[in-house]
Amino acid sequence: MNVSAQFPKLTLATALLFPVTAMANGYQNLHQSAMGLGTAYAANGTAIDDVSAIFSNPASLSRFPGWNASVGATLILPTNTFEGLSATTSDGTPVTDGSPSEPSQFLDDTFSGFWYLSHQVTDRLHFALAFNAPWATESDYTDTAASRYTASTTELTAYNLSPMLSYQVNDQLSVGAGLNIQYYTSTFATNIPADTSNPDIATDGHATFEGSKLAYGATVGLEYQANDQWRFGVSYRSAINHKFDGDVEVKGPAATLALLTSAKGSADYEIATPWMFQLGAHGQLNDRWEVFGSATLTGWSAFEDTVIETSNLGTLTVKNGWDDAWYVSIGAGYQLTPKTKIFGGIAYDETPTPTEVRNPRAPNADRYYVGLGLSHAFSPSQTVKFGYAHTFFDDAPIRLTEATNPGRGSLNGDIKIDADILMVQYIHSF
């Protein structure tokens, strides 16, 4: 079947579906603290003992007197494969691989950083600035693989600047709040068959979408010191809705581009980063041992239908079907010497993505963390922390059909992923 009449719908279905799919596959970046990473994020919420604690709870700011500054860097080293790959176009025609076929590493090594700065304004009032990227993902599939009509290049990052305030109500209770100023950038691409009855790499179009948007949200928290041993925290980070005024461009052979009213156009749509609700607990058992735990519910179900409107390719409504998901973790720390502490933890991270709608751009699955870390104080004002975690993913089967992958046909295969995560962080108090 020639798709000249259906090309606008096909273009949108293939090139613009991912923004909501990526959100729902949980591309959360929790790697904002070495102690957090080294405890599999069991210390998040109320147990982190440096200023990076404010990423998960702004009320924790009250625990850090004077001036505090911290910078950190994270390296993620994934191992991943896409096996047993098969696909059809929207009318059921099999799609064949070109050369090369699917890469063994579609998730590349990635590097990210963060920084924090805080100041005690009065005995009870503290102020801080934090910069990080709490939502980010990147993947790259070859344009010659059978999966090319569902996914090729993906780069999404939400940069976040957060001014925060905390107030110590009394010796037991602190409250905090902050503004999330979020700049979201997106770039992704996919192939489009000129004829779904005869898919041919030589005649494919290649659609690239780019957009960026500034939007705002909020974070609030509470920290309660119940007694000399136990401290509890609760925090909430709001969803942030980004209304993109983006651009889409299709490149390819002249005959393929002739099927379009225009190769370039504008595209308007919305993406929301989800809300997060977190509970944390910290217990100081004695001079050496401490324990901690956290539970976080992330609101992935906030994604409803996404309507994408373009100036040259028509309108597409994308259905979503994801669930809110829990992250739970426990950990412990041990003070080896007055200057050195070790810590560790384990975690379970629930996937929000049902198998029938899992997309290879961000192939999320249930995962499990094991973390280890070390903190060493070189002086009363200078501390370096190291964190490491290994992430074990359940297999992520891709079972897309034309009904769940509209305009792109079916895609089947099995994705296998695991990852090592390394972090170093420097903290300076003055």
Rg [Å, one decimal], Dmax [Å, integer] - the stretch 7-429, C-alpha atoms: 23.1, 75
Rel. contact order, % - alpha carbon contacts under 8 angstrom, at least six apart, the chain: 22
In the stretch 321-391, the trypsin sites (Lys or Arg not before Pro) that fall in loop regions by DSSP, at most 15 other Cβ within 10 Å: Lys339
Of Pro65, Thr39, Gln335, farthest towards positive along the dipole that unit charges on Lys, Arg, Asp, Glu beta carbons give the chain: Pro65
Choice from Trp326, Trp230, Trp115 with maximal GNM fluctuation in the chain (Cα, 10 Å cutoff): Trp230
Percent RCO, i.e. relative contact order, over the stretch 207-283, from Cα pairs under 8 Å lying at least 6 residues apart: 37
Where N is the number of residues in the stretch 253-305, Cα Rg divided by 2.2 N^0.38 Å: 2.52
22 Å Cα cut-off, lysine pairs counted over the chain (separation 8 or more, or different chains): 11
Per-selection metrics, the stretch 63-134 (Cα): Rg and Dmax in Å: 23.8, 70
Ranked packing of 84-90, 390-396, 39-45, 29-35, most packed first, by mean Cβ within 10 Å: 39-45, 29-35, 84-90, 390-396
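Taken together, the values in this text are just the output of simple stated rules run on the coordinates, not laboratory data. These figures come from a predicted structure and were not determined experimentally. As a convention, Cβ positions derive from the backbone with ideal geometry for all residues, glycine included, and neighbour counts pool all protein chains shown.
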